[in-house]
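S.K.: Here it is, the structure in full.
The values are calculated or read from the model by the stated rules, or taken from the named source; none is laboratory data. Predicted, not measured: the structure shown is a model, and the values here were computed from it. Every residue, glycine among them, receives a Cβ derived from its backbone with ideal geometry; neighbour counts consider all protein chains shown. When the accessible area is computed, the model is the full protein with side chains, heavy atoms only, and any ligands, DNA or RNA have been set aside. Shrake-Rupley method; radii C 1.70, N 1.55, O 1.52, S 1.80 Å.
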Amino acid sequence: MHSDDAARLSPGEPHRISAGLRTRFAEEFGRDPDGVWFAPGRANLNGEHVDFHGGRCLPMALAHGTYVAAAPRQDGLLRLRTMDPELDAGVQTLSIAAVDAVVGGDAGGADDGEAPVITDVHTLVPGQVSGWTWYVAGTLWALARLGEDIPELTVPGGFGADLLICSTLPIGGGLSSSAALECSAMLAFVALATPLGAANPGTALDAALDDELRAHLAAACMRAEVEVVGAGTGGLDQTVSLRGRAGHVVSLDCRDFTVARLPADGLLAEHAFLAIDTRQAHWLGDGQFDDRRADSEAAMRMLGVDRLRDLLPERPEAGDVDAALARFDELAGGAGLAGDAEALEGRSTAACRRRLRHALTEMLRSEQLDRILTGDGLEPTTAAVEVGRILTAGHASMRDDAEVSFPAADALVETATGAGALGARLIGGGFGGSVLALVPRDREDAVIGAAARVCEEQGFTAPRFLHVEPSAPARVVG
Ligand code: ADP
Ligand code: MG
């Protein structure tokens with residue numbers, strides 16, 4: 001066995017995972033689940049911290065993701081257990097009486113005395129709650145809201161469910177385990193609670209969920225994370241988890257959430273994407289991500305636009321980025337260049353300018369990648385070199401302008417490119433998470449070996465490796 005095999009995270013075999021989860025569910029809840037649903041994590045080629053500015057993102061759905069086994073209840077309770085060893089604290093019970101109230105049912109089950117957590121999910125204040133169960137409760141809350149507008153997604157009063165959750169993703173690793181949790185739970189809730197689920201039993205739900213419905217569900221999952229959990233996510237993760245396609249990179253225009261699916265087979269004929277989980281877990285809810293976002297929004301307001309994407313033309317060039325930065329400097333009266341004046345809404349003007357530059361160059365890189373992957377005539381090897389160059393440029397921007405990188409990520413990018421990767425960058429929100437590298441297939445082992453070594457030598461936690469295979473979106477496993 002190769003010495004680094006233990007550090008490779010396998011996506012596993014879905015039907016075997018599903019069978020195991022069904023058995024555990026029966027042990028835990030004393031009955032069989034009605035089904036098992038899966039939603040993938042994602043790796044984002046480019047487009048970090050720009051989804052909420054209307055920028056373009058280029059994510060792929062992974063083969064790795066989160067599985068939910070579930071069965072409905074009639075008492076308005078959610079009973080949840082995760083099999084993640086670090087988060088598992090046995091079955092967690094939450095009242096969802098407020099969800100019933102939203103859809104006009106009676107608020108049954110709220111006060112039966114057995115629920116250790118009774119919080120009104122309807123009146124939550126962003127950031128008020130913590131803990132993984134709120135990703136799930138928030139998803140049901142958001143589905144109930146959606147059902148007010150879309151009758152086939154109505155959630156009846158008194159609906160509750162037992163859920164058992166397991167994931168093949170690193171949790172908090174920048175590969176979007178949070179969206180995978182929301183989206184897999186969302187499919188379970190749609191299947192178990194709604195008229196659409198009742199009319200499309202089993203795997204029929206996959207086809208019934210057309211792209212338009214999936215877009216609505218992605219928006220609802222995003223609401224769960226933003227409004228219930230209180231994290232500043234912009235919808236990228238949920239969109240690719242529900243709307244990705246096997247063998248394709250999703251080109252997501254966050255101005256209107258339209259997607260194009262761009263074939264990756266040419267690029268990946270001789271190359272592979274490798275995700276390196278630094279195992280420095282991040283926590284988007286703790287304010288640092290939001291702080292970066294607030295900097296960029298202060299710049300946005302000074303420039304008089306509602307979203308930074310509007311500063312660039314449809315097909316931007318480097319000169320357009322320079323022009324927008326020059327405009328910022330003009331408005332800041334030079335403060336953006338001169339040190340750390342606390343001039344912009346109480347924020348450092350220089351820091352706001354760096355966030356602005358990250359957002360603008362990141363949006364430019366996305367448009368460049370979109371053109372390459374759409375097939376602008378480059379032959380595959382040249383295209384791969386160009387994609388690699390853009391990846392590494394993206395890392396420099398994450399490090400120097402967004403300022404969300406950290407020593408292990410910087411060392412891994414340098415090491416991966418030194419060992420033959422065409423390019424590498426930090427992906428996800430930052431402050432932890434994963435590095436994505438584009439690697440010639442015959443260099444994958446060498447890159448993995450070098451990455452493992454550099455972490456050992458420099459005293460970083462031993463990383464884990466995921467082969468990134470652009471995969472199918474959230475679905476019924478059966
Ligand atoms: P990422 O999405 O990059 O993995 P986040 O910080 O956005 O990182 O989300 C991680 C959080 O999502 C965890 O701290 C936990 O609250 C929740 N979560 C994700 N997957 C699971 C799981 N399988 N079981 C329980 N909670 C999970
Ligand atoms: Mg997340």
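S.K.: Among the residues of the range 423-451, which ones are on the phi > 0 side of the Ramachandran plot, out of contact with any Gly (no Cβ under 6 Å at 6 or more places or on another chain) and open to solvent by less than 10 Å² (accessible area, probe 1.4 Å)?
M.R.: 430, 432, listed by residue number.
One line per residue, one yes/no per condition, for (1) under 17 Å from residue 48 (Cβ atoms); (2) within 16 Å of ligand 1 (Cβ to nearest atom); (3) surrounded by fewer than 17 Cβ atoms within 10 Å (Cβ to Cβ):
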residue	(1), (2), (3)
218	no, yes, no
222	yes, yes, no
234	yes, yes, no
238	yes, yes, no
242	no, yes, no
256	no, no, yes
259	no, no, no
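S.K.: Here's another thing I want to ask about it. Inside the range 43-79, can you point out the residues that are open to solvent by 10 Å² or more (accessible area, probe 1.4 Å) and not acidic (Asp, Glu)?
M.R.: 49, 52, 56, 63, 72, 73, 74, 79, listed by residue number.
S.K.: Here's another thing I want to ask about it. Tally time: how many residues in the range 410-427 are more than 18 Å from residue 361 (Cβ to Cβ) and under 19 Å from the mean Cα position of the chain (by Cα)?
M.R.: Total meeting the criteria: 0.
S.K.: Give the residues of the range 161-192 that are more than 16 Å from ligand 2 (Cβ to nearest atom), open to solvent by 10 Å² or more (accessible area, probe 1.4 Å) and part of a helix (DSSP H, G or I), sorted by residue number. Let's see the steps before the verdict.
M.R.: Of the residues in the range 161-192, the ones more than 16 Å from ligand 2 (Cβ to nearest atom) are 161-164, 166, 187-192.
With open to solvent by 10 Å² or more (accessible area, probe 1.4 Å) added as a condition, the list becomes 166, 191-192.
191, 192 - these are the residues of the range 161-192 that are more than 16 Å from ligand 2 (Cβ to nearest atom), open to solvent by 10 Å² or more (accessible area, probe 1.4 Å) and part of a helix (DSSP H, G or I).
Here's the yes/no breakdown for (1) over 27 Å from the mean Cα position of the chain (by Cα); (2) closer than 30 Å to residue 366 by Cβ; (3) modelled with pLDDT under 95:
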site	(1), (2), (3)
31	yes, no, no
37	no, no, no
52	no, yes, yes
58	no, yes, no
68	no, no, no
82	no, no, no
90	no, no, yes
112	yes, no, yes
118	yes, no, yes
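S.K.: Looking only at the range 449-459, decide whether some residue is within 25 Å of residue 47 (Cβ to Cβ) and not in a helix (DSSP H, G or I).
M.R.: There is no residue in the range 449-459 that is within 25 Å of residue 47 (Cβ to Cβ) and not in a helix (DSSP H, G or I).
S.K.: Do we have any residue at all in the range 141-161 that's within 16 Å of ligand 1 (Cβ to nearest atom), within 16 Å of residue 35 (Cβ to Cβ) and in contact with a strand residue (DSSP E or B) (Cβ under 9 Å, 6 or more places away or on another chain)?
M.R.: Checking the range 141-161: at least one residue is within 16 Å of ligand 1 (Cβ to nearest atom), within 16 Å of residue 35 (Cβ to Cβ) and in contact with a strand residue (DSSP E or B) (Cβ under 9 Å, 6 or more places away or on another chain).
S.K.: Among (1) under 16 Å from residue 353 (Cα atoms); (2) in contact with a Lys or Arg (Cβ under 8 Å, 6 or more places away or on another chain); (3) open to solvent by 10 Å² or more (accessible area, probe 1.4 Å), which single condition is residue 321 missing?
M.R.: Of everything listed in (1) under 16 Å from residue 353 (Cα atoms); (2) in contact with a Lys or Arg (Cβ under 8 Å, 6 or more places away or on another chain); (3) open to solvent by 10 Å² or more (accessible area, probe 1.4 Å), residue 321 misses just condition (3).
S.K.: May I pose another question? I'd like the full set of residues that are more than 14 Å from ligand 2 (Cβ to nearest atom) and polar (S, T, N, Q), limited to the range 193-239.
M.R.: Matches in the range 193-239: 194, 200, 203.
S.K.: Residue under question is residue 312, and the condition is that it be closer than 27 Å to residue 400 by Cβ, in contact with a Phe, Trp or Tyr (Cβ under 7 Å, 6 or more places away or on another chain) and more than 16 Å from ligand 1 (Cβ to nearest atom); does it hold?
M.R.: Answer is no for this residue.
S.K.: Could I ask something else about it? Let me spell it out: the conditions are (1) in contact (Cβ under 8 Å) with a residue 40 or more places away in the chain; (2) on the phi > 0 side of the Ramachandran plot, and residue 420 meets all of them except one. Which number is the exception?
M.R.: Among (1) in contact (Cβ under 8 Å) with a residue 40 or more places away in the chain; (2) on the phi > 0 side of the Ramachandran plot, residue 420 violates only (1).
S.K.: Can I ask one more? Could you list, in sequence order, the residues of the range 404-417 that are among the aliphatic types (A, V, I, L, M) and either free of Cβ contacts under 8 Å to residues at least 40 places away in the same chain or farther than 16 Å from residue 458 by Cα (or both)?
M.R.: Across the range 404-417, the qualifying residues are 404, 413.
S.K.: Report the residue count in the range 460-478 for those that are in a loop (DSSP other than H, G, I, E, B), open to solvent by 20 Å² or more (accessible area, probe 1.4 Å) and either closer than 21 Å to residue 172 by Cβ or of a type in the set (Lys, Arg) (or both).
M.R.: Counting residues in the range 460-478 that are in a loop (DSSP other than H, G, I, E, B), open to solvent by 20 Å² or more (accessible area, probe 1.4 Å) and either closer than 21 Å to residue 172 by Cβ or of a type in the set (Lys, Arg) (or both) gives 3.
S.K.: If the Cβ limit is 7 Å and pairs must be 6+ apart or interchain, which residue in the range 213-238 that is in contact (Cβ under 8 Å) with a residue 60 or more places away in the chain and closer than 20 Å to residue 472 by Cβ pairs with which residue that is among the aromatic types (Phe, Trp, Tyr) and more than 15 Å from ligand 2 (Cβ to nearest atom)?
M.R.: Going by the 7 Å Cβ cut-off, the qualifying pairs are 235/257.
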